[in-house]
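Every read-out reported here was derived from the displayed coordinates using simple, explicitly stated rules and does not represent laboratory data. On a predicted model such as this, the values are computed, not experimentally measured, just so you know. Note that each Cβ is placed from the backbone with ideal geometry, even for glycine, and that neighbours are counted across all protein chains shown.
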Amino acid sequence: MYLEFWELSEKPFENTPDPRFFFQSRQHREALMRILYSIHETKGAALLTGEYGCGKTTLIRTVLSELDPMLYPVVLLTNPRWTADELLREILYQLGTDEVPDRKSDVLHLINEHLYNHLSNGKHTVLIVDEAQVIDDPMTFEELRLLLNFQLNDRFMLTLVFSGQPELRQKMRDLPQLAQRIAVKYHLVPLDYEETVQYIEYRLALAGGMREIFTQGAVEDLYRFTKGIPRTINNLCDLALAIGAGNRMNRVDRQVIHSIIESETAGGQFEW
C-alpha cells in the first residue's frame, strides 16, 4: 500500500467506472451533455463510441448518476451476448417482472405495458446497451430497433443508448433502419498531452493529494507510452506510485516510468 507514503486518502488510478473520478475533458463533457440531452428530450436513440480504454463505461455510469431514478427508470445491459429472445427477457426482468413468460408475444406485451405505465406516471424509460459491439446476431439489433416502435404520436416511450468500441459504428452503418433512429452520436478519442497532465492532477487531487508527485519528465514519457488512453494511464500511474513509495522517492521521475515501460515492452522495444 502506498497511500500513507504519498499522503493519499484512496487510490487515485483504479480502473473502475466510478463517476466521482470522471474527468471532464472537453470531449468527455460534450459527450455527457449529448447523451443527457437525448434522454431529457426523449429522443429515440443515441450512440457513444470510442477507442478501447477511453472512458466510455465511466461516462455511462456518470450519465446514470445524473439521472433522477424516480423520473428515469433504467435498464442497463452490460454484457449483451444474448440471442434476441434472451435480450427481450432480460429487459423485461430489469423492468420489474420476476416471472418472465415464455412466449415472445407476451414478453413484448409486458414491456410495452411497463413503458406505458412509466410514461403515465411522468417517467421516461432509458435502455443502455454497453459494449454493444459484441452483439453478433443482426436479429438482436433488430429487436432493439423494434422497441423504438413503442411510441405515442409525439414522443418515444424510451430512449435507447448504445455504447461500444469503434467497430460498433460500422455495425450501425450496416443496419440503416436502426442508424436512422439515432439522433445523437459521439466518438471519444484519447487525451492530448495537456489533458493527460490535467487528468493525472485531477485524479491525485480527488484522492487527497496535496503535492506534486510526478515530475514533468515522467508525465511526458508516460504520455508518449500511453498515447493518452486513460485506462493505460491508470495502470502505469498506479504501478509508478507503488514503485516510488517502495523506493522512498520524493517524486516519481522518468527513471521509474522508464523501468515500467521497459518491463512492459519485453526489454525496451518502445522507442524513446
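Over all directions, the average projected area of the alpha-carbon convex hull for the range 219-266 comes to how many nm²?
Working: hull surface 12.3 nm².
Result: a mean projected hull area of 3.1 nm².
For the range 212-248 and the range 127-187, write down the distance between their C-alpha centroids in whole Å.
37
So what's the chain giving for Cα Rg divided by 2.2 N^0.38 Å, two decimals? Show your work: numbers first, answer last.
Working: Rg = 21.9 Å, N = 272, 2.2 N^0.38 = 18.5 Å.
Dividing the Cα radius of gyration by 2.2 N^0.38 Å gives 1.18.
Just the C-alpha atoms of the range 26-188: what Rg/Rh do they give, with Rh taken as the Kirkwood radius?
On the way: Rg = 14.8 Å, Rh = 15.8 Å.
Expressed as Rg/Rh, it is 0.94.
Report, in degrees rounded to the nearest 10, the 0 to 90 angle that the Cα long axis of helix 254-264 makes with the longest principal axis of the chain.
It works out to around 60 degrees.
Just Leu160, Leu175, Leu188 to compare: in a GNM of the chain, with alpha carbon springs under 10 Å, which one fluctuates most?
It is Leu175.
Could you identify which residue out of Asp102, Asp130, Asp174 has the top mean-square fluctuation in a GNM of the chain using Cα springs shorter than 10 Å?
Highest fluctuation among the options: Asp102.
By how many degrees, between 0 and 90 and to the nearest 10, does the Cα long axis of helix 216-226 differ from the longest principal axis of the chain?
Result, in degrees: 40.
What pairs in Lys43/Lys227; Lys43/Lys171; Lys11/Lys171 have C-alpha atoms more than 30 Å from each other?
Numbers: Lys43/Lys227 34 Å; Lys43/Lys171 21 Å; Lys11/Lys171 37 Å.
Where the Cα-Cα span goes over 30 Å, the pairs concerned are Lys43/Lys227; Lys11/Lys171.
Using the Karplus equation 6.51 cos²θ - 1.76 cosθ + 1.60 (θ = phi - 60°), what ³J(HN,Hα) coupling, rounded to whole Hz, does each residue of the range 198-205 give in order, writing x for Gly and Pro?
Running phi through 6.51 cos²θ - 1.76 cosθ + 1.60 with θ = phi - 60° gives 5, 4, 5, 5, 5, 5, 5, 5 Hz.
With label points built 7 Å along Cα→Cβ from the Cα atoms of Leu146 and Leu71, find their separation and express it in nm.
Roughly 3.3 nm, to one decimal.
What's the angle, to the nearest 10 degrees (0 to 90), between helix 26-40's Cα axis and the longest principal axis of the chain?
20
Using a cut-off of 13 Å between alpha-carbon atoms, which aspartates and glutamates can reach Lys56, once sequence neighbours fewer than 8 places away in the same chain are excluded?
In chain and number order, the partners are Asp18, Glu30, Asp130, Glu131.
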